[in-house]
Structure formats: C-alpha cells, structure tokens
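These notes are about the structure you will find just below.
The values are calculated or read from the model by the stated rules, or taken from the named source; none is laboratory data. Quick caveat: nothing in here was measured; it's all calculated off a predicted structure. Heads up, the Cβs are rebuilt from the backbone with ideal geometry, glycines too, and the neighbour counts pull from every protein chain shown. For accessibility, only protein heavy atoms count, side chains too; no ligands or nucleic acids. Shrake-Rupley method; radii C 1.70, N 1.55, O 1.52, S 1.80 Å.
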Amino acid sequence: MSAAVPPGGTVTPVPPGTRKSATGTRRSVTGTRKVVAAGFLLPALVLLGALVVYPIGYSVYRSFFDQSGNGFAGLGNYVEIFTDDTILTAVKNNAVWVVVAPTVATALGLIFAVLTERVRWGTAFKLIVFMPMAISMLAAGIIFRLVYEQDPDRGVANAVWVGVHDVFSESAGYPKARPLDVHPLKAAGGGAFITEEPVRAGTQVKLPLVGVAPAKMPGDAKPATAPPTSGDQVTGTAWLDFTKGGGGTSNTIDAKELGLKGLKVEAVKDGRVVATATAAADGTFSLSKEADGAHLRLPESNFREPYNGVDWLGPSLVTPAIIGSYVWMWAGFAMVLIAAGLAGLPRELLEAARVDGANEWQVFRRVTVPLLAPVLAVVLVTLMINVLKIFDLVFIIAPGSVQDDANVLALQLYRSSFGTDAHLGVGSAISVLLLLLVIPVMFFNIRRIRKEARR
C-alpha cells in the first residue's frame, strides 16, 4: 500500500509491521479515564462503606441477638418493639409527627410565601421567619423549655394564655386567705366564710383575714381605713390583719395594714343573697339597706386557686407542644423553597385565570397550588425524612416525668442503646425499623426527581 503524497510534500515511510488503530487508542483513553475516576471515588467509597454500609450491616446483624450479644434471639427483638408499651408509644408518636409536623410546616410555608409575595416588607418578613433555621435544635429546645414553663411569670406561653383568660374571666384574688379564731368570721362550707352574727345598718363591719402572701397583694392596694357610718347602709372594711415587722392588734385596723382590694362581699338573708359589694383599694365597702339583719359572706370565688394556664408539658399536650417548636423552626425552610418555586411560575397563567373571572382564592386553589405541586412534594418529603429522625427537641423539652409520653423512635433508640440497662439488640432493631421507614420515602423522592429530569 502506498501513502498519498500531499502537493509539494514528501512521503514518510511506515516501518513494516506497524499499524495505527483508532479503536485501540479510544480504548486506551477510556481505560485511563476509568482508572482516574476510580482513584477519585475510592476515598469516598471507603468512607461510605466505613460510615454507612458497615454500620447498617452490623445493626441488622446485631438486631438478631440478645442483650449480651452472645445468644441468638431471632425475631424476638422485633417482637418486643411491637409489644412493649413504651416502644409502642414511640411508634404512635412517630406516626403523629410524620403526619402533622410536615403538613403544618408546609402549609404555613405556602401561606407565608403567597401572602408575602406582593408586599414591600415581604423580604424582611421572610428573613424573620427563616431566622430560627440558624438556631441549633439544642438551643431551640432550651428556648421552648422556658417558653412552656408552667409558671406564668416565667413561661411566655402561659403568660399570654393567662392574660387572655383573665380578660374574659375574673381571676381569684386571695387563694390562701383565711380568718383567725378571734376574728368575727367562720367557715361557711365550700371554701366560703360568713360572719358569726348578723349585721345592722348604721354600723361598721370588720372583715379581717390573714394568710395572704405579700406577692399576692394587689400593687395598688392602699392602707386600710374605716368607712364613715351611714344610717341606711351597712359599711365595713376588709383588710389583711397582719403588720409587717410584727406588732399590731387583732381585729384592729393598724396603720401599716392594707385593704383587700376586689374582695367580694355578699349579704345573705334566709339563704339568699340580698346585696353584694366589692372592697375598694383601701378595703372599704358599703351595702344597701337590704343587708340590714343579714349575715355577710365572703364567697369561695375570693379564695380559689388562681388560673395558672395550660400544662403544656403535661402527658396530653407534650407532643403537640414539641411539634409546635419544630414548626417554628422549619416553617421558614418550607417558605423559602416554596417562594423560590412561586417566583418561577408562569405569570400569564395566573393573569389568564383572573381575566376569566376567577377570584384570588380560586386562582390559589386551582392554579397556584397545582403548579407548585412538585415543590410542595419536595418540601413535604424532606420534612418527613427529617421528623423520622427527630430526637433533640423531644429529649430537651420533655421533662423526665413525661418523657415516656413524648417518646419517639430516635429517642427510644438512644434510651435502649445507652445506659446501665442498655439492650443493644432492641436498639439495633429500632434502628433497622427506622431505616425501613425512611427507605420508601427516599425511593418516592428518587422516582419523583427522575420523573422531573425526564421532562
């Protein structure tokens, strides 16, 4: 075979037995690239195997052995998961978490994203809502442990709740107040007190009490005084018969003793109330002439325990309360992703719907939400995977006395795997169960991503 000679060129002879193959060259380059790729992937594969594959494999293996790890337990550890009351509570609570928390957080994120789209201060609002994402679960747990404190003076939730309650329902004034034996009052049953003798118009009645803590006294209470007498009225004074620093005389209004502001006084005659009055800041009160010859009663409403709000961390509300703290953290995450999807919607479709006569609610329900379905699915699935692993908030917020009621699988995994009575077999079985719960959600997410990529 002779080589073609280019115009004005020379022929370079090819040595006998030598052939150039394009296919061979391509194979050599491809093989080199595979070796380089394998070299780059090898460290990641080693770490993946050491930190993910091996722990999963060992957890599955360990879940079939007893507490000591020496005896084969078969499926006994898995049976215990669904027969032990504490672990069953964790399974039920996880189901509540998976259904409620992602749904509420996604719904709030959608509402925030839509409502803030058209306002000038929308960016500032989104920044404020997203800020909790910068806080760790540990810090958020500590914050909400204080928020849910039972004492309204410390817990913000109960401070607000009690404030709203007291607007519509009058709070008790003096829960531990009582008369002394030398006082002209006696117990009337049901927590009320009544005068031992009937009262007369034109006379002054003394209603002294003790047992009121200084912190429970109204801030605007004034020194008790004796009211002027009136010929056709029953007048009197209700006061705290106690002098700070000692001294004073029982049944006598001393200079440093304060009136029991707001104390209710009823005039009772023949078993029915004929007149009522409320003590002023200095403890004075007056009743109409109908009170003549009646006994004065201090009803039990004066002495019942004050309303202290809701037991947020009690057995019945601890899980919803912790879910509330989770939503506070993750609603901002949902809002940001949904807002990004909302910004990419074709505006001509929304305007076309409005031109066709649809109101804003119909545009939102029939156009915006369907178009945002892929984004909503991403947010919902991400949060579902996240709540299956929830641990920090439950461990920190739930008091020890109700931790069994707030228990979730991740917390039970920790409790079963560590401590003096740890049962690694049960702990490993719980970890395998968590893996099995996460896998379907992950497959759904992968299928959705591949479906979106093919579009």
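Worth a mention:
- Whole-angstrom gap from the stretch 362-406 to the stretch 298-335, using each part's C-alpha centre: 20 Å
- Rg(Cα) / (2.2 N^0.38 Å) computed for the stretch 333-455, rounded to two decimals: 1.54
- Highest average first, the peptides 277-288, 252-263, 218-229, 322-333 ordered by how many other beta carbon atoms sit within 10 Å of their residues are 322-333, 277-288, 252-263, 218-229.
- Exceedance of the 26 Å cut-off in Cα-Cα distance is limited, within the set Lys92/Lys126; Lys186/Lys264; Lys216/Lys289; Lys206/Lys256, to Lys92/Lys126; Lys216/Lys289.
- For Leu115 and Ala377, the FRET efficiency from 1/(1 + (r/R0)^6), where r spans their Cβ atoms and R0 equals 22 Å, is about 0.55.
- If you plug the beta carbon distance of Lys176 and Leu146 into 1/(1 + (r/R0)^6) with R0 = 30 Å, you get a FRET efficiency near 0.65.
- For the chain, complete DSSP H runs whose alpha carbons reach 18 Å or more along their own long axis and whose mean Kyte-Doolittle score is -0.5 or higher are 22-48, 85-115, 156-168, 318-343, 373-388, 424-454.
- Taking every C-alpha pair closer than 8 Å and separated by at least 6 residues, the mean separation divided by the residue count of the stretch 234-281 gives a relative contact order of 32 percent.
- Cα gyration tensor category, rounded, prolate or oblate, for the stretch 128-199 with a/c compared to 1.5: prolate
- Among 413-425, 375-387, sorting by the average number of other beta carbon atoms lying within 10 angstrom of each residue, highest first, gives 375-387, 413-425.
- Cα-based reach from Lys176 at 13 Å (exclusive), listing aspartates and glutamates while leaving out same-chain residues under 8 positions away: Glu300, Glu305
- Per-pair calculated FRET efficiency, R0 = 60 Å: Glu197 and Lys92 via Cβ, rounded to 0.05: 0.45
- Within the accessible area of the stretch 240-295 (1.4 Å probe), percent carbon and sulfur: 48 percent
- Whole-number percent relative contact order across the chain, with pairs defined as alpha carbons under 8 Å at least 6 apart: 22 percent
- Per-atom-type breakdown for the stretch 33-162 gives carbon and sulfur 73% of the accessible area (1.4 Å probe, protein chains only).
- Per-peptide packing, taken as the mean over residues of other Cβ atoms within 10 Å, places 351-358, 266-273 in the sequence 266-273, 351-358 from highest down.
- Solution diffusion estimate, µm²/s, Stokes-Einstein, the chain, Kirkwood Rh from C-alpha pairs, 37 °C, viscosity 0.692 mPa s: 109 µm²/s
- The stretch 429-454 and the stretch 34-76: distance between their alpha carbon centers, rounded to Å: 19 Å
- Entry comment: accessible area of the chain is 58 Å² per residue, from protein heavy atoms only and a probe of 1.4 Å.
- Kirkwood Rh in Å, taken over the stretch 129-258 so that all alpha-carbon pairs contribute: 18.5 Å
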